[in-house]
1. Considering only residues that are surrounded by 23 or more Cβ atoms within 10 Å (Cβ to Cβ) and more than 15 Å from the chain's Cα centre (by Cα), look in the stretch 259-282 and name the one that is nearest to residue 182 (Cα to Cα).
2. Give the stretch 71-94 a look and list any residue that's modelled with pLDDT under 95, exposed (fewer than 13 other Cβ atoms within 10 Å of the Cβ) and on the phi < 0 side of the Ramachandran plot, or say none.
3. Counting just the residues of the stretch 209-242 that are open to solvent by 70 Å² or more (accessible area, probe 1.4 Å) and in a helix (DSSP H, G or I), which one comes out farthest from residue 256 (Cα to Cα)?
4. Between 307, 296, which is farther than 20 Å from residue 175 by Cβ and either among the small types (Gly, Ala, Ser) or open to solvent by 50 Å² or more (accessible area, probe 1.4 Å) (or both)?
5. How many residues are farther than 28 Å from residue 261 by Cα and part of a loop (DSSP other than H, G, I, E, B) if we restrict to the stretch 161-178?
6. Condition first: farther than 30 Å from residue 303 by Cα and part of a loop (DSSP other than H, G, I, E, B). Can you find one or more residues in the stretch 144-159 that meet it?
7. Is the stretch 122-134 home to any residue that is of a type outside the set (Phe, Trp, Tyr), closer than 27 Å to residue 70 by Cβ and outside any helix (DSSP H, G or I)?
8. Evaluate the following for residue 138: is it under 16 Å from the mean Cα position of the chain (by Cα) and open to solvent by 10 Å² or more (accessible area, probe 1.4 Å)?
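The values are calculated or read from the model by the stated rules, or taken from the named source; none is laboratory data. The structure displayed is predicted, hence computed values, not measured ones. Methodologically, a virtual Cβ is constructed for each residue, glycine included, from the backbone with ideal geometry; neighbour enumeration extends over all protein chains shown. Just the protein is used for accessible areas: all its heavy atoms, side chains included, with ligands, DNA and RNA removed. Shrake-Rupley method; radii C 1.70, N 1.55, O 1.52, S 1.80 Å.
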Amino acid sequence: MRSTSLGRLDVSRIGLGVMGMSAYYTGAGRDEAESIRTIHRAVDLGVTHLDTAEVYGPYVNEGLVGRAIKGRRDDVVLATKFGLVSHTGRPGPDSTPANIRTAVDGSLRRLGTDRIDLYYQHRVDPRTPIEETVGALSELVEAGKVLHIGLSEAAAATIRRAHAVHPVAAVQSEYSLWARDPEAEVLPTLRELGIGLVPYSPLGHGFLAGDIGTLDGLDATDWRRSNPRFTGDNLTRNLRIVDQVREVADEVEATPAQVALAWLLTRGDGIAPIPGTKRSDRLEENSAADGIRLTPGQITRLNNLTPASGERHAEPDMAAIDQ
Ligand SMILES: NC(=O)c1ccc[n+]([C@@H]2O[C@H](COP(=O)([O-])OP(=O)(O)OC[C@H]3O[C@@H](n4cnc5c(N)ncnc54)[C@H](OP(=O)(O)O)[C@@H]3O)[C@@H](O)[C@H]2O)c1
């Protein structure tokens with residue numbers, strides 16, 4: 001597995017998102033032993049960039065990661081996020097310095113470590129100036145509790161303000177063959193400032209892997225059931241995108257998931273996707289995308305795929321995204 005840089009932080013080009021091991025997606029097949037096997041297999045294959053968050057569970061996902069990396073802490077780059085759980089009693093996103101100071105100690109304890117490699121604000125908090133948030137983060141860096149800082153789903157102007165207070169190593173945003181939003185403003189800003197991009201949901205919440213033709217197999221509580229891209233006519237229309245990805249996959253003897261990841265890696269250095277899986281066989285499949293070569297013609301076809309139908313999140317979640 002090759003590596004790339006997010007600011008001054010080196011990470012594996014393909015990482016592992018562990019959220020689905022505890023939350024949001026269909027629970028069938030969720031099993032702690034297999035989740036831990038998946039994390040161990042990741043480390044063995046050099047997939048050392050692990051992504052979790054305080055809100056996943058909440059808390060239980062960080063606890064799972066902590067158990068999985070016991071004795072292997074120095075082999076991984078640990079990323080977690082704060083700001084969607086309030087410890088100050090304030091409803092909604094909370095990136096106040098007081099909340100951050102409480103949150104970090106909980107994350108460190110659950111992860112079983114004395115330092116977080118990459119600590120992200122999970123969503124921009126419209127009620128707390130970003131300068132105050134980043135000021136508090138820079139104090140955590142000084143104290144050695146955090147090594148690098150990041151933002152998630154931040155707009156270009158917010159990224160600039162944050163970076164002026166303390167260097168931002170990475171921005172984590174949804175970015176995939178069917179979510180090209182960062183290309184307009186965020187990615188050029190990151191390039192200019194030397195900040196990395198961590199594409200979350202790089203498989204379109206699993207859709208781009210090509211196994212989801214209907215919602216029948218998804219639990220009643222599966223978060224995708226309320227996602228506009230998975231519902232009604234949008235789902236039918238979006239299946240055409242998967243057909244186009246599969247065509248390329250057949251040509252390079254790869255799977256659609258691998259092509260979706262290999263395409264992201266063609267977008268340049270400093271881009272480190274974190275596909276999510278709770279299964280070791282899929283972890284192996286996804287990590288092998290690092291070795292897949294797409295021809296210029298195939299990259300052009302993927303660049304020009306039919307745009308996705310439907311917003312990428314349901315309304316309350318879209319409203320929480322910094323514009
Ligand atoms: N910053 C944010 O706001 C934010 C938001 C969402 C996610 N994230 C992070 O990004 C990570 C990844 O995103 P995500 O999990 O939402 O979406 P994703 O990586 O696009 O897709 C994950 C889904 O795809 C399935 N899958 C994975 N590999 C597959 C393969 N090779 N073939 C078929 N299906 C496959 C998984 O199922 P199985 O688990 O059953 O394999 C899971 O349901 C998360 O774990 C989390 O760390 C961050």
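1. Looking at the filtered set, the residue picked out is 263.
2. 91
3. We begin by selecting, within the stretch 209-242, every residue open to solvent by 70 Å² or more (accessible area, probe 1.4 Å); these are 211, 214, 216, 220-221, 225-226, 233, 236-237, 240.
With the extra rule that they be in a helix (DSSP H, G or I), the set shrinks to 225-226, 233, 236-237, 240.
Values: 225: 22, 226: 24, 233: 22, 236: 18, 237: 17, 240: 13 Å.
Restricting to residues being open to solvent by 70 Å² or more (accessible area, probe 1.4 Å) and in a helix (DSSP H, G or I), the top hit is 226.
4. On the way: 307 fails: farther than 20 Å from residue 175 by Cβ.
When all the criteria are applied, what remains is 296.
5. Result for the stretch 161-178: 1.
6. Checked the stretch 144-159: at least one residue is farther than 30 Å from residue 303 by Cα and part of a loop (DSSP other than H, G, I, E, B).
7. Yes, the stretch 122-134 contains a residue that is of a type outside the set (Phe, Trp, Tyr), closer than 27 Å to residue 70 by Cβ and outside any helix (DSSP H, G or I).
8. When the stated conditions are applied, residue 138 does not pass them.
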